[in-house]
Amino acid sequence: MELWAALTWALLLLLSLTVICFLVFCGYIQYVHMKYDHIPGPPRDSFLFGHSPTIMKLMKNNDLIYDQFIDWVKMYGPIIRINGLHKVLVLAISPEGVKEFLMSTKYSKDDFYDRVANIFGVRFMGNGLVTDRDHDHWHKQRRVMDPAFSRTYLIDLMGPFNEKAEDLMTALSGKANGKQEVKIHDMMSRVTLDVIAKVAFGMELNSLEDDETPFPQAISTVMRGLVETRNPLAKYLPGKRAFIRKVHQSVKLLRQTGKECIERRQRAIEEGEEVPVDILTQILKSAALEEECDPESLVDNFVTFFIAGQETTANQLSFAVMELAKNPHILEKVQAEVDEIIGSKRDLDYDDLGKLSYLSQVLKETLRLYPTAPGTSRALREEMVLEGVRIPPNTTLMFNSYVMGRMEEYYKDPLTFNPDRFHPDAPKPYYTYFPFSLGHRSCIGQVFAQMEAKVVMAKFLQRFDFELVEGQSFKILDTGSLRPLDGVICRMRTRTH
């Protein structure tokens with residue numbers, strides 16, 4: 001009896017502590033509500049979970065949360081709060097806000113980037129260029145990396161750009177019979193993977209020829225994992241455990257590949273071999289400047305460039321093909337430009353890229369409608385007023401190029417694909433277009449990426465006519481970056497000039 005009584009009292013004590021903790025947590029949630037409820041926004045789904053149920057439902061249905069954001073902004077104004085458990089994010093659809101926060105060094109990246117640095121408890125991008133929140137440390141990394149993205153280096157990349165793009169054209173030629181269905185996104189993912197592996201790290205993956213290569217699937221799995229981290233309870237759900245294991249395995253593959261690649265290059269340097277002035281060499285130079293360099297930080301930047309250099313360009317190229325197939329008059333115009341500038345040339349010169357002005361407009365318009373990296377966020381440490389709304393200190397502000405690019409306030413007929421928006425004589429978007437971010441934290445590889453996209457796209461337009469297979473949804477899948485859900489399935493034919 002005494003043992004039973006002791007167990008009963010222990011259970012009652014535990015229950016009491018649980019109730020007290022729950023009530024304290026509810027009190028804190030109420031405090032958060034009082035702090036932020038003056039900011040416009042949709043009604044919360046629940047007291048505790050805020051808007052999380054709506055966001056989780058959208059994710060489950062493969063619906064894009066940013067389309068919901070557009071609806072909310074139209075209803076509640078340019079500054080809206082989004083509640084999730086105890087945390088509130090403020091979405092700022094404000095050109096002045098974009099200018100203030102992205103163009104200034106005053107505001108650091110917020111703790112969202114910690115979820116990219118470490119995914120489900122495993123180091124992913126660590127302290128690489130994208131995720132490093134310490135400005136001084138980031139600046140040191142960026143300064144050392146800049147030479148690998150200089151004009152001199154980029155001109156030298158035309159050879160491998162042409163080579164890998166030509167491999168893609170060869171692979172597509174065997175499918176261009178007008179009958180075979182080709183998933184464009186899969187092919188673009190493979191060529192951009194081969195490009196970044198070779199020109200950045202001296203690796204020959206040949207994923208266009210190797211159907212067994214694990215890297216495309218590993219990247220897709222990790223990117224999907226980043227989306228799942230939006231649910232703070234994901235890692236505790238039994239149904240997610242198998243997926244999280246796959247994410248961990250994919251991260252391990254990427255980081256182990258980086259470690260081995262770095263060690264090979266280090267040995268080559270130590271043995272006095274000539275090494276290319278590429279991204280990997282710059283990563284190692286950065287390490288040499290650090291008095292105490294953690295070897296894992298070298299792998300951080302390998303993974304950062306490996307994924308960023310592959311994923312975003314592949315998605316942009318796929319969306320460009322999709323929109324050109326949907327707009328034959330634009331396709332005809334851009335093909336005419338390619339025919340005039342490139343003709344039957346197999347190897348494009350650096351100067352050729354500057355002459356492909358309409359193709360540039362097509363690629364920029366693609367990123368307006370489909371910014372593959374749709375937004376960024378910053379930490380506000382002190383109270384400020386933005387668009388007439390008081391924003392409390394220690395708040396995360398989100399800025400979203402996808403939302404701003406699809407609003408009538410900033411673009412006429414925003415859902416119409418119109419490359420003339422980016423004609424040299426057209427008015428420039430005022431802090432509403434930032435697919436590569438803006439300011440000092442803008443993407444270091446944006447010129448690299450657009451050169452690669454131009455080479456691949458010019459050759460593709462030069463060689464093939466294409467049409468979309470019927471029945472596709474044209475939905476956008478959010479995997480951390482934006483990609484076409486159905487993969488842009490086309491039938492292709494070799495062009496006859």
Please work out the FRET efficiency for the pair Phe25 and Met103, using the Cβ-Cβ distance as r and a Förster radius of 25 Å; give the result to the nearest 0.05.
0.05
Projected label distance in nm at Gln217 and Glu271, using a 7 Å step from Cα toward the beta-carbon
3.3
Can you tell which of Met103, Ile39, Phe69 lies farthest toward the positive end of the dipole of the range 24-152, using +1 and -1 charges on the Cβ of basic and acidic side chains (Lys, Arg; Asp, Glu)?
Met103
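Quickly rank 436-444, 211-219, 56-64 as a protection proxy: mean count of other C-beta atoms within 10 Å, highest first.
Working: 436-444: 17.6, 211-219: 15.7, 56-64: 14.1.
With the highest mean Cβ count within 10 Å placed first, the list reads 436-444, 211-219, 56-64.
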If you average the C-alpha positions of the range 150-200 and of the range 247-320 separately, how far apart do those two centres end up, in angstrom?
20
With a Förster radius of 35 Å, plug the Cβ-Cβ distance of Lys364 and Asn61 into 1/(1 + (r/R0)^6) and report the FRET value to the nearest 0.05.
0.70
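Roughly how many debye, to the nearest 20, is the charge dipole of the chain about its Cα centre, given +1 on each Lys and Arg Cβ, -1 on each Asp and Glu Cβ, and no other charges?
Working: 60 positive and 66 negative charges, 263 e Å.
Taking the Cα centre of the chain as origin, the dipole is about 1260 debye.
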For the range 3-69, divide the Cα radius of gyration by the Kirkwood radius and give the resulting Rg/Rh value with two decimals.
1.24
Phi angles of the range 134-147, converted by Karplus (6.51 cos²θ - 1.76 cosθ + 1.60, θ = phi - 60°) into ³J(HN,Hα) in whole Hz with x for Gly and Pro, give 7, 4, 5, 5, 4, 4, 5, 4, 5, 4, 6, 6, 3, x
Please order Lys412, Lys140 by the number of other Cβ within 10 Å, starting at the fewest.
Lys412, Lys140
Fewest Cβ neighbours within 10 Å first, please rank Ser220, Ser481, Ser150 accordingly.
Ser150, Ser220, Ser481
I'd like the Karplus ³J(HN,Hα) series for the range 66-80: coefficients 6.51, -1.76, 1.60, θ = phi - 60°, whole numbers in Hz, and an x wherever there's a Gly or Pro.
5, 5, 5, 4, 4, 4, 5, 5, 5, 7, 10, x, x, 10, 10
Modelled label reach - Lys183, point 7 Å along Cα→Cβ, the range 483-497 residues with backbone N closer than 16 Å
483-491
Hey, can you grab everything whose amide H is under 5 Å from the amide H of Val389? Only 5+ residues off in sequence or another chain; H modelled, so Pro and N-termini drop out.
none
Please express the Cα-Cα pair-distance distribution P(r) of the range 249-290 as a list of whole percents, one per 10 Å bin, running from 0 to the bin with the greatest distance.
26, 51, 20, 3
Give me the angle, in degrees from 0 to 90, between the Cα long axis of helix 241-270 and the longest principal axis of the Cα atoms of the chain, rounded to the nearest 10.
50
Compactness of the chain as Cα Rg over 2.2 N^0.38 Å, two decimals:
1.05
Using only the alpha-carbon atoms, what does the range 236-393 span along each of its principal axes? Please give whole angstrom values in decreasing order.
58, 55, 40
Compute the distance from the alpha-carbon center of the range 48-73 to that of the range 412-441, in whole Å.
26
From the cross-link list Lys198/Lys333; Lys326/Lys459; Lys140/Lys259; Lys235/Lys475; Lys240/Lys454, which pairs have alpha carbons spaced over 30 Å apart?
Lys198/Lys333; Lys240/Lys454
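Just so you know, all these numbers are worked out from the coordinates, no wet-lab data involved. Because the structure is a prediction, the values reported are computed rather than measured. Heads up, the Cβs are rebuilt from the backbone with ideal geometry, glycines too, and the neighbour counts pull from every protein chain shown.
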